[in-house]
Amino acid sequence: MDIPLTEKGRDEARIAGKQLKEQGFHFDIAYTSMLDRAIETCDLILEEMAIKHSTYVHKSWRLNERHYGALQGLDKKQVGEKYGKE
């Protein structure tokens, strides 16, 4: 199941794109997994950098995250609350 990107995630992607642009980064190729939220994150970053239409985006299932059993779908905070920290 592909978990949608949250509004916080969208904001963080835009901030990352802005910071990359301010630091002078430019990409000809971007790589992302096939997960919708990863693709959206990539798109938002490239859009913020104003290079979305000039950057080739290579999508590969090989970059998809792995299945983590009982931890699947939990964020770090939830894992810490459920299993303890360190």
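For the residues His53, His26, what sequence is obtained by ranking on other C-beta atoms within 10 Å, fewest first? Mind dumping the intermediate values first?
On the way: His53 7, His26 11.
The order, fewest Cβ neighbours first, is His53, His26.
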Can you give me the long-range amide H partners of Val57? Hydrogens built in the peptide plane at 1.01 Å from N, cutoff under 5 Å, separation of 5 or more residues or another chain.
Ala30
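If I take R0 = 25 Å and measure r between the Cβ atoms of Ala50 and Thr6 in this structure, what FRET efficiency does the formula 1/(1 + (r/R0)^6) give, to the nearest 0.05?
Values: r = 24 Å, r/R0 = 0.96.
The calculated FRET efficiency here is 0.55.
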Once you have the Cα-Cα distance between Asp28 and Arg14, take 0.36 nm times their residue separation minus that, and quote the gain in nm to one decimal.
3.2 nm
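Roughly how big is region 7-83's charge dipole about its Cα centre, with Cβ charges of +1 (Lys, Arg) and -1 (Asp, Glu), in debye to the nearest 20? Before the final figure, lay out the partial values.
Details: 13 positive and 13 negative charges, 49 e Å.
Taking the Cα centre of region 7-83 as origin, the dipole is about 240 debye.
Which shape class applies to the chain: rounded if a/c is under 1.5, otherwise prolate when a/b exceeds b/c and oblate if not, where a ≥ b ≥ c are the square roots of the Cα gyration tensor eigenvalues? Intermediate results must be reported in sequence, preceding the final value.
Values: a/c = 2.71, a/b = 1.75, b/c = 1.55.
Cα axes put the chain in the prolate bin.
Per DSSP helix of 4 or more residues, -39500 (n - 2.57); summed, then divided by the residues of the chain. What does that give at 222 nm, rounded to the nearest 500? Each step should come with its number before you reach the end.
Details: 3 runs with 37 residues, N = 86.
Here the helix-only value at 222 nm equals -13500 deg cm²/dmol.
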For the chain, the longest site-free run once chymotrypsin sites (Phe, Trp or Tyr not before Pro) in DSSP loop states with at most 14 other Cβ atoms within 10 Å are removed
26-67
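No lab work stands behind these numbers, since they all come straight from the coordinates. All figures in this text were calculated on a predicted structure; none of them were measured in a lab. Cβ atoms come from the backbone with ideal geometry, glycine included; neighbour counts cover every protein chain shown.
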